[in-house]
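Inspection log for the structure reproduced underneath, given as structure tokens.
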Amino acid sequence: MSIDRGRVLSPGRVNLLGEHVDYNDGVVLPAAIDRYVGIHFHRTTDSNVTLYARDLGEECSFDPRQLANKTALDGSPLPGWALYPAGVIWNLLNYDLQVEGFSADFHSDIPIGAGLSSSAAVEVGFAVVCEALGGWQLDRMTLARICQEAEREYVGVNCGLMDQFACACGVADHVVMLDTRSLFYRPVPLPPDTGIVIADSTLRRALVNSAYNERRQDCDRAVAHFQNIDPSIRALRDLTPEWFYTAEKDLPPDVYKHALHVVEEIARVNEAIQLLEQNDAQGFGRLMLETHRSLRDLYEVSLPELDILVESAAGLEGCLGARLTGAGFGGCTVNLVQKDHINSFIERLGVIYTAKTGLQAQIFATKPSNGAYLS
Ligand code: GLA
């Protein structure tokens, strides 16, 4: 059944563990958060799409069937923000799904470019809009994969599936474990009496997308090395850390360091899932801190300000774990905090961060939420 107008809420996500492993066939542990892209939409009488990005005060119209050149109706290049919804529409049409003409007004309370997947929230949100107007229905995993493909092929970021998956398949009050090889997923509760706190450093580094693509190429180069030895190796997932260590002298130092993070992170997530099942919040938090060190020293995607947030958080009462979340190069840290201490944690972390950096972090508690929905 199709509808003519409505509102879609599409959440951002935070990743608790398993960073930069989703394009290496690893397991990730993200949660959708209670910050959203909200899209008001209505069907129009023609077949064009008009979008108003309320936060930017910008509008853009395009013909869904003329998107290959990434141009608006007036022939000008689509603005950067419009590539995400346009890419999704372009890809839905590639799958022969009906896309109706519509007009939409959207805004977001997910901090932009902060590692909380505001772009995946836009993509998944517009896929749900098209679904509601088009009268078709896709399972959420397929929807997430179409959006991921759009980001890779239309926007040009060679991302994994985690962000679109979390925005589409999030489960209230849970993190969702996703095996990015088999695509098996299941919700896992947070340890009892703990909550998630996000701290936005407010720093954004330029060229995140190209740095991201470069890291990914390093992973592929490491895989190619092992494929020469054993052609059945498909991804870094197929290597044990012990086997990987043997390649140190054969790989360029940067490639070795970057891939080492991935191999050890994949092993860490396996351990973390067992700890979660045993309600071992301390143990899980310890692994979060290890992940941060690895992202800082091996994968080299941290910034001094993020390190300050993590180190300061780790010293505060009630903090079980802290680390940067998402691609890195600025953005946010995620913290696992004992519920009773959340308010004091937020207050004190903010004071310390300002004292050490002169910057004002945006720090807030978040509740794991459901994936995108028509509201
Ligand atoms: C970005 C990508 C994801 C994932 C993370 C790092 O958010 O979109 O696919 O690779 O970085 O874990």
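None of the figures in this text is laboratory data; all of them are computed from the coordinates on show. Please read these numbers as outputs of a predicted model, since none were measured by experiment. Here Cβ is always computed from backbone atoms with ideal geometry, including for glycine, and neighbour counts include all displayed protein chains.
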Amide proton proximity set for residue 110, modelled H, under 5 Å, gap of 5+: 36
Long-range HN-HN contacts of residue 18 with modeled amide H, under 5 Å: none
Theoretical FRET efficiency, 1/(1+(r/R0)^6), r = Cβ-Cβ of residue 240 and residue 48, R0 51 Å, to 0.05: 0.45
Distance (nanometres) between label positions extended 7 Å along Cα→Cβ at residue 365 and residue 76: 4.5
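Only four residue types carry charge here, +1 at the Cβ of Lys and Arg and -1 at the Cβ of Asp and Glu. Report the dipole size of the stretch 308-375 about the Cα centre in Debye, rounded to the nearest 20.
Charge dipole, the stretch 308-375, about its Cα centre: 120 debye, nearest 20.
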Length-normalised contact order of the stretch 178-260 in % [C-alpha pairs under 8 Å, at least 6 apart]: 25
Phi to ³J(HN,Hα) by Karplus 6.51 cos²θ - 1.76 cosθ + 1.60 over the stretch 83-99, Hz, x for Gly, Pro: 4, 5, x, 5, x, 5, 5, 4, 6, 4, 5, 4, 8, 6, 8, 5, 10
Spin-label pair residue 249/residue 351, simplified geometry with 7 Å Cα→Cβ offset, distance in nm: 5.5
Distant alpha-carbon pairs in the stretch 205-338 (separation over 18 angstrom), percent: 58
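Out of every Cα pair in the chain, what percent are spaced more than 25 Å from each other?
54
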Cut-off under 5 Å, modelled amide H: who pairs with residue 202 long-range: 331, 362
Global form of the stretch 135-204, assessed from the alpha-carbon gyration tensor, a/c cut-off 1.5: oblate
Estimated distance in nm for a label pair at residue 107 and residue 205, the labels positioned 7 Å out from Cα along Cα-to-Cβ: 3.2
Length gained when the stretch residue 55-residue 217 is fully extended (0.36 nm per residue, less Cα-Cα span): 54.9 nm
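Remind me, relative contact order of the stretch 120-163 in percent, using alpha carbon pairs under 8 angstrom and six or more residues apart? Intermediate results must be reported in sequence, preceding the final value.
Numbers: 21 pairs, mean separation 16.0, N = 44.
Here the relative contact order equals 36 percent.
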Qualifying trypsin sites (Lys or Arg not before Pro) in the stretch 22-58, DSSP loop, other Cβ atoms within 10 Å at most 15: 54
Full-extension gain in nm, residue 282 to residue 229, via 0.36 nm per residue minus C-alpha separation: 15.2 nm
Cα-centre dipole for the stretch 1-91 with unit charges at Cβ (Lys and Arg positive, Asp and Glu negative), debye to 20: 220
The stretch 126-198: chymotrypsin sites (Phe, Trp or Tyr not before Pro) falling in loop per DSSP and having at most 11 other Cβ within 10 Å: 184
Evaluated over the stretch 311-352, the Cα radius of gyration and Dmax, each in Å: 10.3, 31
About the Cα centre, charge dipole magnitude for the stretch 1-159 (Lys/Arg +1, Asp/Glu -1 at Cβ), debye: 160
Relative contact order (%) - the chain, alpha-carbon pairs under 8 angstrom, separation at least six: 24
